[in-house]
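I have placed the structure first, in the form of structure tokens, so that the comments after it can refer back to it.
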Amino acid sequence: MFRGFSGGVHPPENKLTEEFAIAVMPPPKKVYIHFSQHTGKPARSLVEKGDVVKIGERIGEGDGFISASVHASISGKIIAIESCPHPVLGTSLCCVIESTNGAKWKDTIKEKTDYEKKSKEELLQIIKESGIVGLGGAAFPTHVKLSPPSDKPIDTLIVNGCECEPMLTADHRLMLEHPAEIIEGAKIFRKILNAENLIFGIEDNKKDAAEILRKQSVNVKLLKTKYPQGAEKQLIKALLGREVPRGGLPMDVGCVVQNVGTCYAAFQAVKYRKPLIERVVTVTGTAVKKPKNLLIRIGCPVIDVVNFCGGYIRQPKQIIFGGPMMGIAQYSENVPTIKGTSGIMVCKDTVIPEEGPCVRCASCVDVCPMGLMATEIYKFVDNKNFSKAKEYGVLDCIECGCCAYSCPSRIPLVHYLKFGKSEIWRLSKK
Ligand code: SF4
Ligand code: SF4
């Protein structure tokens, strides 16, 4: 029987690429590796212009408690360390590597290791050194998530295979094509956390993936296809009936949630000592000739990805990183993929509807999975009354976009809420 969370929406799924096996894109000629690809402090550069690097070499070291290392995704020469387009931050410090010396891997990368004998501490250290972050989108450093304080014991590890964003199919394909590696990665996480239970949560539009995982004797729960089923707090509520407190984290209710792609990346890191240098990305939309699920090197410019997919059908009006609900519009064809890039949507049209006045219909309130009153909060933000926005819970907003999706007046509510959150953080830092 399905349990659920309150609120949420049912946008058209449009998962055009769900039948397409993961293809491998050859390494690009040039990559742009950002030092900030994760939640937290940017990595500290370990290299200089002119240095020659191999694939998998660490070029930036995690700096501080919440940070992650970054690695070269191709071998070659560092031709610049400079500010470049960034898919989330606008621009950011970046290491530009040009391929000059063929595909040379760092020699610490092994064919296999006897990782089963490693202690929890050793496994955690490998995951940290490999720059693994949450691949569901938030890119939170995985080693931090796997290190809850001792007064927060974890009894359940949830593996998130929901992929509730419309149009994206990368996680679905990964579950169909690499179930054993995902399960092994999840077992590594469970060992580190000392968690008794391991549950896979998958939406019921991916029954084939659930079936494949079940055949390998893991506990899989099918969940109703509803957006944002894959948001951590909603997933915990749907699977376990536990409510993460306001302002709290999953560890407050004994849980850690990891995405299927993160499990796969951790397995690669632990078994082969392969750092996070590539990931599966769904390339889709109305303006790209051959949509695909692609294994892409981190730092690959979006124009190279589109060209590998046959080019444009026609010049796109919009390129979005992520899915249609939470994705971010890009302003340059040269923007590179980062660790958190789950999808690239190339769209022939932009739909920028005209914003109308609020008609007090309360749709935004009905669909909010966090129980927030977006209609009130956006007005507080618009009037720069940030303390009132905070009082009404703006910091609990998970930026899922359900409110804006359901608003008949096409008010870009999420933009207001995101802005309100960033202003509150900025003012509190001051
Ligand atoms: S207010 Fe935030 S959490 Fe609620 S629906 Fe809007 S974006 Fe989602
Ligand atoms: S959905 Fe839009 S129009 Fe309706 S109450 Fe919310 S902000 Fe106002």
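Can you tell me how many residues in segment 415-430 are over 17 Å from Glu391 (Cα atoms) and not basic (Lys, Arg)?
1
Enumerate the pairs (first residue in segment 8-23 and closer than 24 Å to Glu232 by Cβ; second residue anywhere and charged (D, E, K, R) and surrounded by 18 or more Cβ atoms within 10 Å (Cβ to Cβ)) with beta-carbon separation below 8 Å, excluding pairs fewer than 6 apart on the same chain, so at least 6 apart or on different chains.
Gly8/Lys226; Val9/Lys226; His10/Lys226; Glu18/Arg173
Buried (at least 21 other Cβ atoms within 10 Å of the Cβ) and modelled with pLDDT under 95: which single residue out of Gly327, Gly340 fits that description?
Every option except Gly327 fails the conditions.
So Arg410 ticks every box in (1) within 12 Å of ligand 2 (Cβ to nearest atom); (2) on the phi < 0 side of the Ramachandran plot; (3) surrounded by fewer than 20 Cβ atoms within 10 Å (Cβ to Cβ) but one. Which box is left unticked?
Here Arg410 clears every test but (2).
Would you be able to tell me the number of residues in segment 159-189 that are over 23 Å from Phe321 (Cβ atoms), touching a Phe, Trp or Tyr at 6+ places or on another chain (Cβ under 9 Å) and buried (at least 24 other Cβ atoms within 10 Å of the Cβ)?
5
Has segment 350-367 got at least one residue that is exposed (fewer than 15 other Cβ atoms within 10 Å of the Cβ), modelled with pLDDT of 95 or more and of a type in the set (Asp, Glu)?
Looking through segment 350-367, at least one residue is exposed (fewer than 15 other Cβ atoms within 10 Å of the Cβ), modelled with pLDDT of 95 or more and of a type in the set (Asp, Glu).
Counting only residues that are farther than 14 Å from Val365 by Cβ and within 14 Å of ligand 2 (Cβ to nearest atom), how many does segment 387-407 have?
Total meeting the criteria: 1.
Which is over 20 Å from the mean Cα position of the chain (by Cα), more than 25 Å from Thr284 (Cα to Cα) and not hydrophobic (A, V, I, L, M, F, W, C), of Lys224, Lys237, Lys207?
Matching residue, one of Lys224, Lys237, Lys207: Lys237.
What helices (runs of 4 or more DSSP H) completely inside segment 334-430 contain at least 3 residues that are free of Cβ contacts under 8 Å to residues at least 60 places away in the same chain?
Filter on segment 334-430 gives 363-367, 374-382, 386-391, 413-429.
Under 8 Å between Cβ atoms, which residue pairs at least 6 apart in sequence (or on different chains) link something in segment 233-250 that is assigned to a loop (DSSP other than H, G, I, E, B) with a partner that is among the small types (Gly, Ala, Ser) and surrounded by 12 or more Cβ atoms within 10 Å (Cβ to Cβ)?
Arg242/Gly254; Arg246/Gly393
Taking Glu399 as the residue in question, decide whether it is of a type outside the set (Val, Ile, Thr) and farther than 19 Å from Phe5 by Cβ.
Criteria not met by Glu399.
In this structure, does Leu93 turn out to be hydrophobic (A, V, I, L, M, F, W, C) and surrounded by fewer than 22 Cβ atoms within 10 Å (Cβ to Cβ)? Working first, answer last.
Numbers: hydrophobic (A, V, I, L, M, F, W, C): yes; surrounded by fewer than 22 Cβ atoms within 10 Å (Cβ to Cβ): yes.
Yes.
List, please: which pairs have Cβ atoms under 7 Å, are six or more places apart or on different chains, and start with a residue in segment 299-326 that is within 29 Å of Pro412 (Cβ to Cβ) and end with one that is in a helix (DSSP H, G or I)?
Close Cβ pairs (under 7 Å, with a partner that is in a helix (DSSP H, G or I)) amount to Tyr312/Val306; Ile319/Val302; Met325/Tyr405.
Going residue by residue through segment 94-109, is there one that turns out to be within 23 Å of Gly134 (Cβ to Cβ), modelled with pLDDT of 95 or more and not acidic (Asp, Glu)?
Yes, segment 94-109 contains at least one residue that is within 23 Å of Gly134 (Cβ to Cβ), modelled with pLDDT of 95 or more and not acidic (Asp, Glu).
On the basis of being crowded, with 22+ Cβ neighbours inside 10 Å, more than 10 Å from ligand 1 (Cβ to nearest atom) and farther than 30 Å from Leu174 by Cα, does Val346 make the cut? Walk me through how you get there before you give the answer.
Working: crowded, with 22+ Cβ neighbours inside 10 Å: yes; more than 10 Å from ligand 1 (Cβ to nearest atom): yes; farther than 30 Å from Leu174 by Cα: no.
The answer is no for Val346.
Kindly establish whether Met370 is within 16 Å of ligand 1 (Cβ to nearest atom), of a type outside the set (Gly, Ala, Ser), closer than 23 Å to Cys397 by Cα and touching a strand residue (DSSP E or B) at 6+ places or on another chain (Cβ under 7 Å).
no
Quick one: how many residues across segment 373-400 are among the small types (Gly, Ala, Ser) and near ligand 1 (Cβ under 8 Å from one of its atoms)? Please lay out each step first, then the result.
Kept after step one, since they are among the small types (Gly, Ala, Ser), are these residues of segment 373-400: 374, 387, 389, 393.
Still in the running and near ligand 1 (Cβ under 8 Å from one of its atoms): 374.
Number of matching residues: 1.
The values are calculated or read from the model by the stated rules, or taken from the named source; none is laboratory data. Keep in mind that this is a model prediction, so the values were computed, not measured. Using ideal geometry, Cβ is built from the backbone for each residue, glycine included, and neighbour counts are taken over all protein chains shown.
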